[in-house]
């Protein structure tokens, strides 16, 4: 073992200890919501009061009763409260359910297992945290962290970032979707098509945009993984249909889809200062510029021009990358690392098309991607990527609800950094002969 490898191994052990302590502190809050000493939160206690998981289990319960799970009036300010409302009480604010109906299979299974909201919250934290941990760890191992790429042993750094901890403590499904997407892609790379189909199928059923990982498979003619993924979608949809009934599916098509199309489902993202602050979606750019005084007049919730141009650009990039990277990667750490970077780059680009993508969890995948790029970047680029990591690791570039204009510019700058980092990644994958990144001192090809 070389001195360099031994150094990375010692750093790995130290980072695992630190990450374990960080997650232990977070777990104390999950077990006891009054224990907030070791969790991230702001002056308005958003980080400890807001809980996305509340709407998942309430929606599953409402679906079983045949009620419209997409009716916002049934959640935070419900006139007829469910038993889950009573259990939550004043501990957390109740969120509203925005996702497709098949995802309800997961919270419905938790309800069927018995217990109360706080029991389900603990199980949910374990499931989401374990899925994301496995994705990050197995991804690093697959790329050679324990063989010829020892710098990948620094992967526990992502669990020390406040933004990652915020994503886990709020109980949002985003970390689960991201982890399931990468685990599904890894399973397909190993030939485990059933496992990959169920994992990627769950991610697609939840947030739709992970379906972008199917495009390179289709263009390369890998029909078995595509078929198993579609089968996984059917399995999750069928399970939800059995557990919560047909009402959520009918309401999603007849009620939610039209509201998604015109932005009504996320009306708050263009009118309330806090959502405008935190939204990293491309659809949030005009709203930020309007708040800064750059654009005049009321901006549409979902700008059709942005929708057209951004979607077209992402599709074009996917096609170009898929054509340039034909065939499966050879079984080397370098090639596998490039493949993992590609998956994360595609997921990052696709998620930005979501109507509402809050900073506290929306940048976790971007941070993961940059951590894979910084150590082997050329010196001229390394400083830029490292600065991006620091910005993305911080929970928020400004406190929630601040009216200080200078902090708006801070937010705008962090958004530019996010887009710039993703642009560097995509361009590095598309420029033949002049790669932006190197591995072991040689151009990455």
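Table for the structure above
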quantity	calculated
Boolean, residue 131 is surrounded by 17 or more Cβ atoms within 10 Å (Cβ to Cβ), over 13 Å from residue 30 (Cβ atoms), at pLDDT below 90 and under 13 Å from the mean Cα position of the chain (by Cα)	no
Test: residue 340 is over 19 Å from residue 144 (Cβ atoms), in a helix (DSSP H, G or I), touching a helix residue (DSSP H, G or I) at 6+ places or on another chain (Cβ under 6 Å) and at pLDDT 85 or above	no
Elements of type helices (runs of 4 or more DSSP H) in the stretch 154-266, at least 3 residues being farther than 20 Å from residue 137 by Cβ and modelled with pLDDT of 90 or more	193-207, 223-244, 247-251
Unmet requirement for residue 103, which otherwise passes all of (1) surrounded by 14 or more Cβ atoms within 10 Å (Cβ to Cβ); (2) at positive phi	(2)
Subset of the stretch 47-77 that is free of Cβ contacts under 8 Å to residues at least 12 places away in the same chain and farther than 25 Å from residue 242 by Cβ - its residue that is surrounded by the fewest Cβ atoms within 10 Å (Cβ to Cβ)	77
Any hit, the stretch 217-234, residues being touching a residue at least 40 places away in the same chain (Cβ under 8 Å) and at positive phi	no
Any chance residue 314 is at pLDDT 70 or above and crowded, with 18+ Cβ neighbours inside 10 Å	yes
Meets criteria (in contact with a strand residue (DSSP E or B) (Cβ under 8 Å, 6 or more places away or on another chain) and closer than 29 Å to residue 66 by Cβ) for residue 245	no
Yes/no for residue 47 being in contact with a helix residue (DSSP H, G or I) (Cβ under 8 Å, 6 or more places away or on another chain) and farther than 18 Å from residue 96 by Cβ	yes
Residue satisfying condition, being modelled with pLDDT under 90, in a helix (DSSP H, G or I) and farther than 19 Å from residue 158 by Cα, within set 76, 37, 6	6
Qualifying residues in the stretch 293-307 (those that are in a helix (DSSP H, G or I) and over 23 Å from the mean Cα position of the chain (by Cα)) - the one modelled with the lowest pLDDT	304
Checklist (1) over 18 Å from residue 371 (Cβ atoms); (2) more than 16 Å from the chain's Cα centre (by Cα) applied to residue 184, failing item	(2)
Residues within the stretch 283-309 that are surrounded by 16 or more Cβ atoms within 10 Å (Cβ to Cβ) and more than 15 Å from residue 263 (Cβ to Cβ), tallied	2
Inter-residue pairs, beta-carbon under 6 Å, first farther than 16 Å from residue 207 by Cβ and in the stretch 91-117, second part of a strand (DSSP E or B), 6+ apart	92/51; 93/50
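The values are calculated or read from the model by the stated rules, or taken from the named source; none is laboratory data. Fair warning: this is a prediction, and the values are worked out from it, not measured in the lab. Heads up, the Cβs are rebuilt from the backbone with ideal geometry, glycines too, and the neighbour counts pull from every protein chain shown.
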